[in-house]
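Student: Sharing a structure here in structure tokens format.
No lab work stands behind these numbers, since they all come straight from the coordinates. Predicted model only: the values in this text are computed from it and were never measured. For neighbour counting, all protein chains shown are included, and Cβ atoms are generated from backbone atoms with ideal geometry for every residue, glycine included.
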Amino acid sequence: MASSKAYLEFILGQLSELEDIAYRAMMGEYILYYKEKIVGGIYDDRLLVKPVESAIKLMPTAPLELPYEGAKEMLLVDEVDNREFLTGLFNAMYEELPTPKPKKK
């Protein structure tokens, strides 16, 4: 099942206090970027983030879920209605996220 554009817009609205939030549509889902680093994505209308240490500390009971078959597990974010929590989560995660690989020419 693909994610809806309405859910993407809702999540982007919740993250509107952050600068440099971007997304890329991929096979009916959306990958989310924060300051050019991949934070997670929207899969089947669920916000999933990479299971970095800071995210696990902020969401110790969050279940690990597969975004799609064959992918690595990610943390399910339940508190999508809490704008302050989401902003804090993305800020906390940023330093632990891998730096994007340079694009080949």
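Student: Given the options D44, D78, D20, name the one that is surrounded by 14 or more Cβ atoms within 10 Å (Cβ to Cβ), on the phi > 0 side of the Ramachandran plot and of a type outside the set (A, V, I, L, M, F, W, C).
Tutor: Details: D78 fails: on the phi > 0 side of the Ramachandran plot; D20 fails: surrounded by 14 or more Cβ atoms within 10 Å (Cβ to Cβ).
Answer to the selection: D44.
Student: Specify which of the listed residues (A92, A71, A62) is touching a residue at least 24 places away in the same chain (Cβ under 8 Å) and not aromatic (F, W, Y).
Tutor: A92
Student: Now for a separate question. Looking at segment 52-68 only, could you name the residues that are closer than 27 Å to P102 by Cβ and buried (at least 16 other Cβ atoms within 10 Å of the Cβ)?
Tutor: Residues satisfying the conditions are V52, S54, A55, P67.
Student: Name the residue, out of I56, I21, I42, I38, that is among the hydrophobic types (A, V, I, L, M, F, W, C) and in contact with a Ser or Thr (Cβ under 7 Å, 6 or more places away or on another chain).
Tutor: The conditions single out I42.
Student: Something else about it: Restricting the first residue to segment 1-16 and requiring it to be free of Cβ contacts under 8 Å to residues at least 40 places away in the same chain, which pairs with a second residue that is surrounded by 10 or more Cβ atoms within 10 Å (Cβ to Cβ) and of a type in the set (V, I, T) meet a Cβ separation below 8 Å and a spacing of at least six or different chains?
Tutor: Y7/I42; L8/I42; L12/I21
Student: Restricting attention to segment 79-105, which residues are of a type in the set (D, E) and either under 12 Å from the mean Cα position of the chain (by Cα) or under 13 Å from V52 (Cα atoms) (or both)?
Tutor: E95, E96
Student: Of all residues in segment 2-51, which are closer than 24 Å to T99 by Cα and aromatic (F, W, Y)?
Tutor: Within segment 2-51, Y23, Y30, Y33, Y34, Y43 qualify.
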